[in-house]
Amino acid sequence: MIPAHSIRSSIKQAFSLIEILLVCVVLVALGAGLSVMLLGHGKPGEKAKTPIDRAKSTVCQSNLTSIRQSIAASQAGDTDGKFPQTLEELKLPKEILSCDVGKEPYIYDPATGTVRCIHPGHENY
Ligand SMILES: [Zn+2]
C-alpha cells in the first residue's frame, strides 16, 4: 500500500514538469518570433528583408520625395522654368542625395527633371 502523502507529492511533481514544459514551449515560440522579426525571412537565395531594411527603404522613398519637391520648387522659381542642372544646386543635405540602403547616389536627368534610385528594388520609388 502506497502512503497518501507519496501519491500527492508525485502528482505535485507531474504538474511541475508540465509547467516547466509549457514555459519552455512559450520561450521557444517567443524566440522564433523574435528571430523572424530581427533577422528577417525570405525565399531561399533571396536576401532576407528585416524591419531595418524596410525602414531604410522608406528613408530612400522619403529622400526621393524631398528631392522631387525641391526640383519642382527650383523650377517654379526659375525665370525660364528650367530644371536645376545638378542636384547639388538644390543645396540639400548630402545624406539625402544617396540611397540609404546601398549608398548609391541618385540618378538625376536635368532635361526631364526626374530623379531615381538605382538600388535593386528601388526602381519604382
Ligand atoms: Zn534607394
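Each reported figure results from applying straightforward, stated rules to the coordinates on display, with no laboratory input. This one's a predicted model, so the numbers in the text were calculated from it and none came from an experiment. Methodologically, a virtual Cβ is constructed for each residue, glycine included, from the backbone with ideal geometry; neighbour enumeration extends over all protein chains shown.
Run through the range 53-125 and list the GluC sites (Glu not before Pro) located in a DSSP loop whose Cβ has at most 13 other Cβ atoms within 10 Å.
Details: sites: E88, E89, E95, E123; in loops: E123.
Counting only loop positions with at most 13 other Cβ atoms within 10 Å, the GluC sites (Glu not before Pro) in the range 53-125 are E123.
Set the Förster distance to 35 Å, then compute FRET efficiency between M37 and S16 from the Cβ-Cβ distance, nearest 0.05. Numbers along the way, then the final one.
Details: r = 32 Å, r/R0 = 0.90.
So the FRET efficiency works out to roughly 0.65.
Please sort 16-27, 52-63 by packing, taking for each peptide the average over its residues of neighbouring beta carbons within 10 angstrom, highest first. Each step should come with its number before you reach the end.
On the way: 16-27: 9.8, 52-63: 15.2.
Ranked from most to least packed, the peptides come out as 52-63, 16-27.
Based on the alpha carbon coordinates of the range 51-116, what radius of gyration and maximum Cα-Cα distance (Dmax) apply, in Å?
My reading of the Cα-based Rg and Dmax gives 12.4, 44 Å.
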